[in-house]
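Beneath this line is the structure, given in structure tokens, with notes to follow.
The values are calculated or read from the model by the stated rules, or taken from the named source; none is laboratory data. Fair warning: this is a prediction, and the values are worked out from it, not measured in the lab. Every residue, glycine as well, gets a Cβ built from its backbone with ideal geometry; the counts of neighbours run over all protein chains shown.
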Amino acid sequence: MTTQRILIVEDNPSHMKLEKLALAESNYDIHTATNAKEALEEVQSFQPHLILMDIQLPEIDGLVLTRKIKADPKYQDIIIIAITAYGMKGDKEMAMEAGCDGYVPKPIDIETFPQLVADYISNKNPVSKK
Ligand code: MN
């Protein structure tokens, strides 16, 4: 199987660090972006299999960004998992409505996060189904 590419979109340095740390022992190729512009550039050049999408981003938020990515047929198969700190009822629904494939509330659980990501990748990634 090809090394799976993961894009972490997160503007908060400590959350970014935690997500990278949680996935450090899994064999992924990881790129990062701290805003929507960087994320869109990475989607084009890096072509991630999965995106960990912070919802609260400066300027363009993660929901708008997700809609933008999923609107492009080239990128519809990218698995997008919303990572949100809203902690409010309805944020999951908002994420799913925007086209996210999954939802994880912050702070992530470093123990369970790697398996969760692996499950999303193995279930939905067309590459791994071959
Ligand atoms: Mn944020």
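Could you identify the single residue in 38, 10, 59 that is surrounded by fewer than 13 Cβ atoms within 10 Å (Cβ to Cβ) and out of contact with any His (no Cβ under 7 Å at 6 or more places or on another chain)? Before the answer, list the steps.
Numbers: 38 fails: surrounded by fewer than 13 Cβ atoms within 10 Å (Cβ to Cβ); 10 fails: surrounded by fewer than 13 Cβ atoms within 10 Å (Cβ to Cβ).
Just one listed residue meets the conditions, 59.
Condition first: farther than 22 Å from residue 123 by Cα and not small (Gly, Ala, Ser). Can you find one or more residues in the stretch 43-53 that meet it?
To start, the set of residues in the stretch 43-53 that are farther than 22 Å from residue 123 by Cα comprises 44-45.
The next check asks that each one be not small (Gly, Ala, Ser); those that pass are 44.
Checking the stretch 43-53: at least one residue is farther than 22 Å from residue 123 by Cα and not small (Gly, Ala, Ser).
Would you point out the residue of the stretch 62-111, among those that are among the acidic types (Asp, Glu) and part of a loop (DSSP other than H, G, I, E, B), that is surrounded by the fewest Cβ atoms within 10 Å (Cβ to Cβ)? Break it down into steps so the answer makes sense when it comes.
Initially, the stretch 62-111 is screened for residues among the acidic types (Asp, Glu), giving 72, 77, 91, 93, 97, 101, 109, 111.
Subsequent filtering for residues that are part of a loop (DSSP other than H, G, I, E, B) retains 72, 77, 101, 109, 111.
Details: 72: 12, 77: 13, 101: 20, 109: 11, 111: 8.
So the residue we want is 111.
Pick out the one residue from 39, 22 that is farther than 14 Å from residue 113 by Cα and assigned to a helix (DSSP H, G or I). Even if it seems obvious, please write down each step before you answer.
On the way: 22 fails: farther than 14 Å from residue 113 by Cα.
Only one candidate passes the filter, namely 39.
Among 10, 41, which is away from the ligand (no atom under 16 Å from the Cβ) and either at pLDDT 95 or above or more than 19 Å from residue 91 (Cα to Cα) (or both)?
Working: 10 fails: away from the ligand (no atom under 16 Å from the Cβ).
One residue alone meets the criteria, 41.
Hey, among the residues in the stretch 13-35 that are in contact (Cβ under 8 Å) with a residue 60 or more places away in the chain and within 16 Å of residue 111 (Cβ to Cβ), which one's surrounded by the most Cβ atoms within 10 Å (Cβ to Cβ)?
19
Any idea which of 47, 76 is free of Cβ contacts under 8 Å to residues at least 12 places away in the same chain, under 14 Å from the mean Cα position of the chain (by Cα) and either under 28 Å from residue 1 (Cβ atoms) or within 14 Å of the ligand (Cβ to nearest atom) (or both)? Walk me through it before giving the result.
Numbers: 47 fails: free of Cβ contacts under 8 Å to residues at least 12 places away in the same chain.
Step by step, each of 47, 76 is checked, and only 76 is free of Cβ contacts under 8 Å to residues at least 12 places away in the same chain, under 14 Å from the mean Cα position of the chain (by Cα) and either under 28 Å from residue 1 (Cβ atoms) or within 14 Å of the ligand (Cβ to nearest atom) (or both).
Are any residues in the stretch 13-27 closer than 20 Å to residue 62 by Cβ and either of a type outside the set (S, T, N, Q) or touching a His at 6+ places or on another chain (Cβ under 6 Å) (or both), and if so, which ones?
Residues of the stretch 13-27 that are closer than 20 Å to residue 62 by Cβ, as a first pass: 13-20, 22-23.
Once the filter is applied, which keeps residues that are closer than 20 Å to residue 62 by Cβ and either of a type outside the set (S, T, N, Q) or touching a His at 6+ places or on another chain (Cβ under 6 Å) (or both), the stretch 13-27 yields 13, 15, 16, 17, 18, 19, 20, 22, 23.
When the stretch 97-112 is examined, which residues are found to be under 12 Å from the mean Cα position of the chain (by Cα) and either farther than 15 Å from residue 62 by Cβ or β-branched (Val, Ile, Thr) (or both)?
Selection gives 104 alone.
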